[in-house]
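As structure tokens, the structure follows; a few thoughts come after it.
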Amino acid sequence: MTTTPEGGFQALKEEQIQQYLHDSIVVPEELQANVLVTTVDKIYNWSRKASMWPLLFGLACCAIEMIATASARFDLARFGMEVMRPSPRQSDLMFVSGTVTKKMVPAIVRIYNQMAEPRYVVSMGACATGGGPFKEGYTVVSGIDKYIPVDIYVPGCPPTPEALIYGLMKVHEKVERQSIQQVPWYRKERSEFVPIPVLGPDIFDPRQVQLIREHTLGEGAAQAATDDGGGITLKPNLLTAEQKQQLREIKARYMAAKQPA
Amino acid sequence: MSDEATMVAEEAPAVEHSLNDAVPGAIIGEWAEETEKALFVAPDKLLPLLRHLKENEAYDYLSSLTCTDYLSYGGKKRGGISERFDVVYHLFSTANKGGSLNLHVRVPEGDTVDSATSIYPGANLQESEVYDLYGIHFAGHPNLRRVLTWDGFHGHPMRKDWKEAYFEEDAKPFRSRHPKGGYQWQEDKLPWGKNATYPPEWDPETWEKPISYVPVSQAPHHKPGDIDTDSLVINFGPHHPSTHGVFRMLTRVEGETIIALEPEMGYLHRNHEKIGERNTWLMNMPFTDRLDYINSMSNNWAYALAVEKLAGIEVPERAEYIRVIMAEFSRTLNHMWGIGFILNDLGALQTPAQYAIEEREMILDLFEEVSGARLMCNYMRFGGVVRDLTPGWVERARYLANERLPRALDMLDRLLSDNEIVRGRGYGVGYLPPEDLIALSISGPMLRAAGIKYDVRKAEPYGIYDRFEFDIPTLSDGDIYARYYIRLLEAREAVRILQQALRDIPGGEVQGAPAYASATLDQGFGTIMGGKGGYTLRPPEGEVYHRVEAPKGELGFYLVSDGKANPFRYHVRSPSFINLNGLGPMSVGYKVADAVVILGAIDIVLGEVDR
Ligand code: SF4
């Protein structure tokens, strides 16, 4: 199937069918020209990518460009994506289209958890990718990937519809590369839910409770008491001498391996 | 400038006296600067004064209510009053037109102010916002709660001594980035790698979320004499396709009838104002794009006008025309978009909207051609626009304004206005009497759909609107149908202005200077195109409130300058936010499905609601 032999498509079909024409499977003569042989992966991925339903979900300005992408001029329907589903259960793809605020993160994570696998996330625009123009804001999250896994990042503020479509093509490529044998959603173990962040005095991730405790109740608290700003200022998380030594050893080994003998 | 100052100086004592006659001891000081005059009000006399102004002086419209924290003010102390917080009221009169009356109430930290909600119910959301961001308590407010942040949030973020997790310095440009280009990111510093700080001694393990006060639970459970049924609370959003973004409505329903509705916002609170105080004046321009992200041009213009008023910058003729053209194009596309999405909310999913936004793409192409961006144009500058129109632009715009747009509007009219469903769902739904709309500080098409002929373009003309011939269409019904139809009529008027502006626009160069940006820019702080001298605008000390008629209503900027390169206070009076005051009162008594359309017909944009 990968190359087009001489003789055109018809010849190709016939040639490929030959090896399957043995006694156990009888392909009627009139059907023989109509049978296509392919791999399960290919047909599985092709059908998934050609009917990928996005979640109808807009966060901010970028959502306006998402709507423009979906409407007549740019026409997402060409890619089988025009059916935007308001329910996460029915959708395969989430556009995080806009600024993610701390107040909104719990809802987004919950929606993400509710989406059935396989699910893909496109982070649309500078805000969803890294905070964008509002990064320094006190209620703005510096990128949705701090909370949920992202498949494709589309830069821009807002990305033009063309850029978004290019991002979607990349999602399609990603889908095409997956193999049904290895995809996580057919494995035995259940895929994990992302823990939902909690709105405290500031947002916190349940996975980081111990880390935060150490700093609010432990050594960080003492530091904060001497700090006039009221916030906690901590030293950069520098590598310890031990870790540095380790890195140096690894580097030395690597360099040694690269040397021609 | 000087004319205005003398006018102010003459008028000021009279106002002070007359008001003090009516309400003895109310005015305790006065502050007349070049830009705007302000009266200082004794905190205990605020309510009697407001009542007097509303009842006897026809100041019936509370446009803006906000607060400034003077903790670190660099300029002179204003009016000799040195309390920390300054609550600012801007009152207008819908009957008498004309300018505003500015009242300032100075309060020390921890003090309370009397709530204006009993006189101007429109203060409701604005007072909540001030409480949320500044921590000022309003005594007598029916429902003082955090609207933009969440219950349990630590501190009041707009205070000058409140530092966010990413705090680096008080003002931009940051020394760490310039000239060496380094940066300091909190993610690299905090062990949890996130933009968050926690108060000392706070224990996440034992922490419990405070139970939010849901105001709809206060609603009566059933009306006397009705069948005794249970009422339920239904939550819409924040992820709900009909809420036009991330917005939440809490409704209490009995059967399908709404008996109470409370909007809940803040899901897109992006800290415009805090960031705006750290930016330089010009740096805020692209941020205004992202307020009402459907009409970046109108927002640009409003901000440019406010700063020009503050700094006394003149705008050349051609630039004025360009600005009007851009603003009216964006009004047209906003109203067409609005109509499409009202229909969406009525259940005609997508098809009408596709028709309505067809011309939008053509307008966006025009925007893109001059500004480089479809949506976030960032096109205006103080004293003009950033670059001239491209060759052939005017012809293409004329084609659009003379042929395409009128045709498109006629088509929408033909297809939708007589539609039985639009009429059936629209007539009589979401009605509020005109007096209530004014009292709730609602502005824009909503007012005019209820028969109030109030438009800032006529009431307090800015730019060159006094040169064009156009009407302020009004309808008398004040229901959903009228709100739909008024947008069509207004779009037609906008097209009318466009036709005149595109006909009259002057071209060419004016004595060697570019015709699209002010020559005075050169003298003060270097041109925007890159001239000699400093690049940073430093307006003189003072404050300004400037409002324009944005497509969604009255968009105002309240700016305070202490003479430095950054605004001391940057406040946006956004129409979408304040129009939401009316959502609850309008929806009560109608069905759940109507609430969706009522929200749609207010035409909110969440970027502007939450800022
Ligand atoms: S990336 Fe830009 S356009 Fe997109 S949401 Fe953020 S600010 Fe808005």
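The values are calculated or read from the model by the stated rules, or taken from the named source; none is laboratory data. Quick caveat: nothing in here was measured; it's all calculated off a predicted structure. Every residue, glycine as well, gets a Cβ built from its backbone with ideal geometry; the counts of neighbours run over all protein chains shown. Just the protein is used for accessible areas: all its heavy atoms, side chains included, with ligands, DNA and RNA removed. Shrake-Rupley method; radii C 1.70, N 1.55, O 1.52, S 1.80 Å.
Table for the structure above
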{"quantity": "25 Å Cα-Cα threshold exceeded, pairs from A:Lys170/A:Lys258; B:Lys54/B:Lys564; B:Lys458/B:Lys564; B:Lys274/B:Lys564; B:Lys172/B:Lys309; A:Lys146/B:Lys160", "calculated": "A:Lys170/A:Lys258; B:Lys54/B:Lys564; B:Lys458/B:Lys564; A:Lys146/B:Lys160"}
{"quantity": "B:Ile421 paired with A:Val209, simple spin-label distance in nm, labels 7 Å along Cα-to-beta-carbon", "calculated": "4.9 nm"}
{"quantity": "Calculated FRET value between B:Ala22 and A:Glu192, using beta carbons and R₀ = 56 Å, to 0.05", "calculated": "0.25"}
{"quantity": "Residues of the range B:269-313 buried by at least 50 Å² on assembly (accessible area, 1.4 Å probe, chain alone as reference)", "calculated": "B:Arg270, B:Asn271, B:Arg290, B:Tyr293"}
{"quantity": "Whole-number accessible area per residue in Å² for the range B:272-610, which is evaluated in the context of all protein chains at 1.4 Å", "calculated": "30 Å²"}
{"quantity": "Accessible surface, 1.4 Å probe, highest first, among residues B:Arg248, B:Arg146, A:Arg89", "calculated": "A:Arg89, B:Arg248, B:Arg146"}
{"quantity": "Potential extension, A:Val40-A:Met169 segment - 0.36 nm per residue separation minus Cα distance", "calculated": "44.3 nm"}
{"quantity": "Threshold 40 Å² - residues in the range B:154-176 whose accessible area is reduced by that much or more when the chain is no longer isolated, probe 1.4 Å", "calculated": "B:Tyr166"}
{"quantity": "Estimated inter-spin distance, B:Asp413 and A:Ala11, nm [label 7 Å along Cα→Cβ]", "calculated": "6.6 nm"}
{"quantity": "Prolate/oblate/rounded call for the range B:326-421, Cα gyration tensor, a/c under 1.5 rounded", "calculated": "prolate"}
{"quantity": "Rg ratio (alpha-carbon, reference 2.2 N^0.38 Å) - the range A:51-186", "calculated": "1.00"}
{"quantity": "Of all accessible heavy-atom area on the range A:51-186, the percent that carbon and sulfur account for (1.4 Å)", "calculated": "53 percent"}
{"quantity": "Spacing of the two label points (7 Å from each Cα toward its C-beta) at B:Thr390 and A:Lys258, in nm", "calculated": "4.7 nm"}
{"quantity": "Computed lengthening from B:Asp230 to B:Glu30, 0.36 nm per intervening residue step minus Cα-Cα distance", "calculated": "66.5 nm"}
{"quantity": "Summed residue charge, Cβ within 15 Å of B:Glu109's Cβ, Lys/Arg positive, Asp/Glu negative", "calculated": "-1"}
{"quantity": "Buried accessible area, chains B and A (both chains, 1.4 Å probe, Å² to nearest 100)", "calculated": "6100 Å²"}
{"quantity": "Förster-model FRET efficiency, 22 Å R0, B:Lys453 and B:Glu55, C-beta, rounded to 0.05", "calculated": "0.50"}
{"quantity": "Per-pair calculated FRET efficiency, R0 = 22 Å: B:Ile472 and B:Arg398 via Cβ, rounded to 0.05", "calculated": "0.35"}
